Each structure stands twice: as structure tokens, then as C-alpha cells.
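Read through the structure below, which is laid out as C-alpha cells, and then see the notes.
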Amino acid sequence: MSSLLTTAAFTFATLSSLNTTEAFAYTETDSGYEDPYYDPSASSTPHGVYNRPADYDPNALLGSSNGGWAVWDFCYGKPDETELPQDPRALVQQGISDGRAVHFNAYYKDCHVDPEAVREVGAAKSCGELRERFDHGGRLLTGGSPGVGALFAGTDPYTIEAALGISTLLPSQYNDLWKSWGGYTSKPKNFDQLLAERYGSVLPEERNPYPLKGENPNLTDGGSGQLPLMFTQMRYPDGTWTGRIGVTCHACHSGAVDGKPTLGGGSSLADLDLFLRDGLPQGYLASVATLANLNHTRGTNNASDVNLAFIFPDQGLYSARDAVDLITSGSTASMDTPAWWNLGHRPLKFVDGMFPADAPRIDQVFYTPFFGLFGEVLGPLSDAGQKYMRDNGPPINAWIETLKAPKYPGDIDTALAEEGAELFHELDMWAEERNNPVRRPEGNGSCAGCHGAYAPRYVNDPEFLASPLLEGMASYIVPQEIIGTDSVRWETNNEGMQRAGSVNFFGYPPTKGTDQDCGPQNQERLRGDRELGYLAPPLYGVWASAPYMHNGSIPNVWEILKPEDREPLWRRVSNEKLSNPWYNNGNVLMGYDTKLDTAYDETKMGWKYDAIDCEWRSFWNPSVSPFRTCDPNDKHQTPLAQEILDDIFGNLILTWNIMFPPTLTMKQMEDRKIYNTLLFSHGNEGHEFNSVLTDHERLAIIEYLKTL
């Protein structure tokens with residue numbers, strides 16, 4: 001390894017563009033330096049500057065930026081007119097990792113080289129412009145705020161392009177959801193809390209109001225009810241309340257740890273299909289989406305089924321061959337939403353690296369007014385919806401990219417963590433004495449080789465990274481032969497479907513054929529000889545993002561590192577049922593327990609669970625059905641009936657509901673908490689190369705990961 005003394009000057013010179021103290025003077029007060037966009041305590045805001053790379057001794061083994069985005073951190077304490085530096089993700093280009101320990105094989109694309117052609121603003125030029133976008137994005141994503149967005153409604157549910165709010169609930173429909181729960185003769189007194197538990201969300205500390213029956217929201221400051229994080233009441237353009245209640249991005253993208261929201265950490269709590277099931281009897285029109293079945297298992301979702309969005313071309317047409325590929329692409333099925341707080345360190349987004357990070361309109365797809373999803377088919381209505389994406393995609397990305405991962409709240413064994421830092425960055429799992437049977441990846445064979453370098457000692461070492469600005473950067477799409485995880489997601493996104501995406505609005509058609517082509521990145525013409533597989537993610541806040549793998553099939557990091565300990569059927573711990581004389585306790589559906597003292601395994605770093613046997617419950621049970629979804633004689637064996645269904649699900653679009661009738665009984669609802677890794681897209685295989693680690697090495701690596 002190169003001497004760190006020779007690289008220290010290079011390190012601090014490079015990082016000086018991100019951290020200068022001279023610019024702090026303009027905000028000096030009697031109590032110190034202040035910046036309205038950061039919490040001075042750096043502990044209670046997800047967008048704060050907890051620390052920055054230059055804060056550490058360059059030889060240190062511990063120290064992390066906690067994710068976020070270096071460009072946002074750069075603006076800390078600086079005037080609005082300060083010019084922004086280059087986005088470090090833009091450094092990830094072909095050749096930059098050649099011969100280095102950390103490998104990249106997927107590269108950053110600038111989708112806004114020609115803003116006029118794509119009709120979308122490019123990167124912000126100054127700190128002030130970035131802050132304006134941040135504020136705009138924050139309003140879109142903050143429940144109850146003026147300008148808040150909601151599922152397929154944009155920011156105004158009463159427009160024609162939003163189909164007059166077809167995706168939103170009337171106040172009466174929301175207030176009556178309890179009627180779909182069974183066992184109640186009147187609305188429960190603690191309806192708000194029960195609803196959050198049932199659908200898998202959390203009540204925020206800030207007001208997120210909705211009107212109770214008979215209330216005028218504009219006479220009651222939005223209403224007396226409190227919505228969970230996954231819902232919002234929409235506002236009129238003048239800021240007054242509409243009464244309409246919509247679903248927000250937080251339904252999939254924000255969960256909870258210790259009962260408190262983890263903004264942008266991904267949600268392993270939600271059961272959106274159950275919400276749609278309950279909304280249907282109350283006249284909620286969007287409940288027809290239950291036909292597409294958003295999830296078979298609580299805590300997962302099917303939001304990545306972009307092959308449905310690609311059906312409608314926007315500029316040009318796709319071939320008959322591509323049309324066949326679309327129809328036979330199948331379903332991406334269950335997935336675990338990646339953490340937003342890593343996006344600032346990802347040159348590409350989505351678990352298979354389908355789109356560049358600089359493709360913000362795809363992040364607005366679920367907020368787009370309904371008719372904006374139909375390509376050019378609906379003319380002006382489609383244009384209005386697409387304009388919404390163009391106007392709001394960049395601001396929402398600006399807010400998302402600045403999120404910081406929460407710090408691990410428990411005690412950390414510093415000596416063990418430092419040992420783990422060395423193992424994470426240097427241990428070659430393909431060293432001759434390890435006899436690793438899995439094909440060797442690029443890089444140095446360590447965890448860092450795929451997931452990036454974090455410890456200052458390695459961030460500042462040119463043998464690991466070409467520049468310290470690449471701290472935490474991860475852009476290695478690991479070939480399937482190496483990673484070995486459930487392949488359904490990337491196989492569904494087949495070649496024809498990817499090509500269809502290049503003429504779809506989301507694929508930035510004006511960039512097609514240029515060196516900054518922002519269409520789906522796994523097309524043969526763009527990826528070249530790079531093999532298909534999954535994009536290794538950055539690991540900031542990994543302690544708070546369990547369960548793991550792209551489909552949420554592994555409940556803790558220990559079992560990622562020790563594959564032989566994985567259980568095929570498991571169920572997380574649920575919250576205890578609330579005790580209240582006002583409702584029938586037998587009809588209360590509680591969500592997962594997220595308390596650290598009762599449900600979190602600090603040693604294995606993840607959620608505690610119970611192993612489940614394959615036993616006779618019901619042939620129509622979506623989770624456990626002997627000889628259909630599991631085999632009582634061999635808990636690791638997939639039954640023939642399930643293999644046949646897998647072929648159907650994987651080869652024909654919109655077939656995922658076959659053999660999965662609507663959830664009706666409390667037993668079925670509870671059993672949706674069982675994660676059955678034998679189901680289509682639910683497999684917990686992969687990462688088999690970790691089998692060569694010792695238990696002590698696993699414990700040390702886990703201890704280190706807690707510091708990120």
C-alpha cells in the first residue's frame with residue numbers, strides 16, 4: 001500500500017473544495033456559526049452535516065460522511081452566490097478504477113447536456129439555486145405542506161390530467177376505512193394509530209392533518225386527525241386545504257427504527273395491497289390496482305414494475321420484437337426499496353442500475369398526474385403530466401440526495417470496529433488459502449471492492465480510489481454468476497423492454513445515440529460486454545435498512561455474511577396488540593415491532609425473527625401452503641407447483657395474481673408477515689462467497705458497518 005504520508009497533501013487539497021472555513025464568516029453570530037439549512041447540533045435533522053471527510057485524520061480507520069451528497073455539504077455556511085463544484089459522481093467514468101481496489105463498471109451520465117432538448121433544467125449552478133430546489137423538493141415530500149405531492153395526482157387533484165383526483169381518497173372514504181376491518185360497530189377511538197399499524201407506517205411528530213367527519217379543514221387548520229407518514233392531505237395552489245387524502249412516496253421510501261421515522265431509509269413495514277383491499281368497499285377507485293398485486297409479503301412492494309410504464313412510447317416506436325419482449329417480460333415482483341440517503345453516492349439508480357442518477361423524472365413517476373403516464377397517446381393531457389415530471393423531478397432529487405443516514409444509537413466496540421474496517425477494505429476473500437468456489441470479481445476481493453471505500457485511511461489511498469472525492473461511491477454491477485442473488489428483477493428487465501424504455505419519456509429520448517445516452521443503461525448497445533446482475537449499493541446507514549438484499553429476503557447482516565444460517569421461512573416480531581376497551585382486540589392488525597430493545601439484534605445487525613415451519617394452513621394462503629409454496633419434507637426445496645407458477649409469473653406480464661386471491665381473513669393478513677423465500681422473486685440465495693469468512697471476521701465487519 002502506498003505511503004499515506006505522500007498522499008495527505010493530495011487528500012486535503014482535493015477536499016478543500018468541499019470544506020472551507022473562510023466562507024463561514026458571513027453567518028457568524030454571538031453564539032457561533034449558523035446556517036438555516038443545517039441543524040447546528042447535527043443530530044436531529046436528516047439533512048444535517050454530521051461530519052465531512054476533511055474532519056478526520058487521513059490515516060483513521062473510523063469516520064464516515066453518513067451519506068448525503070458532497071455538493072450539498074459543500075454549501076454549508078456559504079453564501080447563496082457561491083458557485084457549486086463538480087458532482088463527484090461525474091468522476092465515475094470508464095478507466096478511473098483500472099488497477100484499483102474499488103471497481104466501477106457502470107458510469108455517470110449527464111442527462112442535461114442539452115437542457116433545451118430534454119426540456120428540463122440541468123444541475124444547479126450555485127448554492128442559492130440548490131437551496132431553492134431543496135425547498136421545493138421538501139414541500140413536495142412533506143406531508144400536509146403547501147405544494148405537497150401525492151400518488152398520481154401531482155400537487156393538484158382537481159386537474160383533468162390528474163383524472164380529477166382518481167387516486168386520492170375523499171375524507172369520508174378515509175374516515176370509513178375501519179368499516180373494512182371487520183368486528184367494529186363504530187370508528188375506533190384510536191383510529192389513527194390503528195390505521196398506521198395496519199398499513200405499515202408511523203405517525204410523524206409533526207402535524208400531518210386530515211379532517212374528521214363534519215370538519216371543514218380550512219376552519220380547523222387541516223383537521224383534527226393525524227395521518228401517518230405514508231399519507232398526506234393535499235392543498236389547493238393557494239395553500240388552502242382540499243380535504244383530499246393521497247399516498248406519498250414515504251409509503252415505500254420511509255420506514256421506522258425504534259418507533260421513529262427513518263426518512264428515506266426504505267420501508268420494510270408497509271402492506272399497500274391491504275390498503276387497496278380495504279379501500280375498495282369504501283369506493284376508492286384506485287383500489288382497482290389491487291389486480292396488479294403490489295406485494296405478496298408485508299414489507300415488500302412491486303413498485304419497480306416499470307415494464308408497465310414502458311408500454312407507451314413517447315418519441316418513435318419500438319419494434320414488434322420489443323413489443324413481444326415487453327409482453328413476455330413478466331413481473332419484477334417483490335423488492336425492498338433502496339435507501340435514499342445513498343443516492344448521492346450512486347452514479348446509477350435502481351437495484352440493477354437501470355437509469356443514471358441524473359435522470360430525475362423517473363423519480364416522479366408515482367407523483368405524475370395520471371394521464372401523464374400514457375406517452376404521446378393522450379396529446380395535451382400527456383404533455384401536462386410530463387411537464388409536471390420535468391418541473392418537479394430535479395427539485396425532488398435535490399431533496400432526496402441530501403439525506404443523511406441516521407447514526408447507530410448503540411455502543412460500538414472501537415477496537416473491533418477498527419479491525420473490521422481493515423477486513424472490510426483489505427481482506428481478499430479469493431486469496432488462495434480461502435479456496436473460494438465463486439468466480440472472482442474485479443477489484444481487490446474485499447467488501448470494499450464492490451461496495452466502496454469509507455474509512456479515511458483507504459479513501460485517501462490512490463491504490464483504492466483515484467480521488468478522495470469518490471469516498472463511499474459504489475458503481476459495480478456485479479455479474480449474476482458472482483453475486484448469485486434472486487435473478488427475477490434483472491431478468492424481467494430484458495433487452496427488448498430496455499430498448500422500449502429508450503423511446504419512452506422516462507428514457508430521455510433526445511439523448512439516444514449520444515455519448516450521454518440516458519435511456520435504460522443495461523441495453524446491449526450501452527453496456528457493451530458488461531454482464532448483467534445487481535448494482536452493489538453504498539452502505540451508509542446499513543444498520544437501519546434491514547432486511548437486506550434487493551428483495552428484503554435476509555433479516556440481518558450476519559446471515560448475508562454466513563449463508564448457511566439463512567432460514568427459508570421467517571417472520572419478524574410484531575408489536576403487541578393495543579389494549580383498549582373501545583374495540584374488538586381480535587380484529588386489530590399490528591405492524592412490525594421496530595423497537596431496538598425488543599426487536600433489534602445488535603450482534604447480527606438486523607431484525608429478530610421466528611423461523612416458520614411448512615405446515616398445513618390453507619391451500620389459498622399466499623405465504624405458506626404445503627406442496628404449493630413449501631415442502632414439509634425439505635424446507636429448502638421449492639415444490640413443483642411453485643416452479644410452474646414461477647415460469648408463468650416470469651414470462652407473462654400482469655400474471656402475478658394467479659393463485660393469489662384477495663386477502664380476506666385476519667389469519668391471511670397475519671400470514672402475509674411470513675417471508676417465504678421459496679416464492680417467486682423472494683429467493684434468499686447469493687453472496688455465497690462470504691462463506692469463506694470466519695465468525696470473528698463477520699463480527700468485526702458488522703461492528704465496522706455500524707459506524708457508517
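The values are calculated or read from the model by the stated rules, or taken from the named source; none is laboratory data. Here the structure is a predicted model, which means the values were calculated and not measured. Cβ sites come from the backbone with ideal geometry, for glycine too, and all protein chains shown count toward neighbours. Side chains included, ligands, DNA and RNA excluded: accessible areas come from the protein's heavy atoms. Shrake-Rupley method; radii C 1.70, N 1.55, O 1.52, S 1.80 Å.
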Original post:
Ranked highest first by the average count of other Cβ atoms within 10 Å around their residues, in what order do 87-96, 549-558 fall?
Top reply: 549-558, 87-96
Original post:
Per-residue HN-Hα couplings for the range 128-134, Karplus 6.51 cos²θ - 1.76 cosθ + 1.60 at θ = phi - 60°, whole Hz, x for Gly and Pro?
Top reply: x, 5, 5, 5, 4, 5, 4
Subject >> Length released on extending from Asp413 to Asp80, taking residue separation times 0.36 nm less the Cα-Cα span >> reply: 115.8 nm
Original post:
Are there cysteines in the chain with no other Cys C-beta under 4.7 Å, and if so, which?
Top reply: Cys249, Cys252, Cys447, Cys450
Subject >> Solution diffusion estimate, µm²/s, Stokes-Einstein, the range 181-263, Kirkwood Rh from C-alpha pairs, 10 °C, viscosity 1.306 mPa s >> reply: 117 µm²/s
Subject >> Cβ-based net charge around Gly484, under 12 Å, with every Lys or Arg adding one and every Asp or Glu removing one >> reply: -3
Subject >> the chain - mean residue ellipticity at 222 nm from DSSP helices (-39,500 (n - 2.57) per run, n ≥ 4, rounded to 500) >> reply: -6000 deg cm²/dmol
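For the chain, report the accessible area per residue in Å² (1.4 Å probe, heavy atoms, rounded to an integer). Before the final figure, lay out each step's value.
Working: 26450 Å² over 708 residues.
The answer is 37 Å² per residue.
Restrict the search to the range 155-192; then list the chymotrypsin sites (Phe, Trp or Tyr not before Pro) that DSSP places in a loop and that have at most 15 other Cβ atoms within 10 Å of their Cβ.
Numbers: sites: Tyr158, Tyr174, Trp178, Trp181, Tyr184, Phe191; in loops: Tyr158, Trp181, Tyr184.
Answer by residue number: Tyr158.
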Original post:
How many percent of Cα pairs in the range 87-234 exceed 18 Å?
Top reply: 71 percent
Subject >> DSSP bridge orientation in the chain - percent antiparallel, rounded to nearest 5 >> reply: 95 percent
Original post:
What spacing in nm lies between the two simple spin-label points modelled at Asp98 and Ala54, each 7 Å away from Cα in the Cβ direction?
Top reply: 3.1 nm
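Could you please state how large a percent of the accessible area of the chain is carbon and sulfur, counting protein chains only and using a 1.4 Å probe? Can you show the working numbers first?
Values: 14390 of 26450 Å².
So the carbon and sulfur contribution to the accessible surface is 54 percent.
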Subject >> Distance (nanometres) between label positions extended 7 Å along Cα→Cβ at Leu652 and Gln193 >> reply: 4.8 nm
Original post:
Separation between the Val121 and Lys577 pseudo-spin-labels, each 7 Å from Cα along Cα→Cβ, expressed in nm?
Top reply: 5.2 nm
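Pop the C-beta distance of Ser186 and Lys635 into the FRET formula with R0 = 45 Å and round what comes out to the nearest 0.05.
Details: r = 44 Å, r/R0 = 0.99.
After rounding to 0.05, the efficiency reads 0.50.
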Subject >> Rg(Cα) / (2.2 N^0.38 Å) computed for the range 554-708, rounded to two decimals >> reply: 1.20
Subject >> Kirkwood-based shape ratio for the range 194-336, expressed as Rg/Rh from alpha carbons >> reply: 1.05
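Taking R0 as 22 Å, what FRET efficiency do you get between Glu564 and Arg439 from their Cβ-Cβ distance, rounded to the nearest 0.05?
Values: r = 20 Å, r/R0 = 0.90.
So the FRET efficiency works out to roughly 0.65.
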Original post:
With all pairs of different alpha carbon atoms counted, what Kirkwood hydrodynamic radius in Å does the range 455-521 show?
Top reply: 15.0 Å
**OP:** Determine the gain in length on full extension of the stretch Met590-Ala320; use 0.36 nm per residue of separation and subtract their C-alpha separation, reporting nm with one decimal.
**Re:** 92.4 nm
Original post:
Between Gly225 and residues 5 or more places away or on another chain, which pairs have amide H atoms under 5 Å apart, with H built 1.01 Å from N, and which residues are they?
Top reply: Tyr210, Leu212
**OP:** Project the alpha carbons of the range 240-305 onto their principal axes and report the range along each, largest first, in whole Å.
**Re:** 37, 35, 21
Original post:
Taking 0.36 nm per intervening residue step and subtracting the Cα-Cα distance, what contour gain separates Ser691 from Ala611 on full extension?
Top reply: 26.7 nm
Original post:
For the range 279-434, what is the convex hull volume of the alpha-carbon atoms per residue, in Å³?
Top reply: 225 Å³
**OP:** Return the FRET efficiency for the residue pair Ile644, Glu432: r is the Cβ-Cβ distance, R0 is 51 Å, and the value is rounded to the nearest 0.05.
**Re:** 0.75
**OP:** Convert each backbone phi in the range 74-87 into a coupling constant with the Karplus relation 6.51 cos²θ - 1.76 cosθ + 1.60 (shift: θ = phi - 60°), then list the ³J(HN,Hα) values in order as whole Hz, x for Gly and Pro.
**Re:** 4, 7, 4, x, 9, x, 4, 7, 4, 6, 7, x, 5, 5
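Students often check this: by mean Cβ neighbours within 10 Å, which of 453-465, 566-578, 641-653 ranks highest, and how do the rest follow?
Values: 453-465: 24.6, 566-578: 18.2, 641-653: 16.6.
My ranking of the peptides, most packed first, is 453-465, 566-578, 641-653.
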Original post:
Roughly how many Å is it from the Cα centre of the range 309-339 to that of the range 361-383, as a whole number?
Top reply: 16 Å
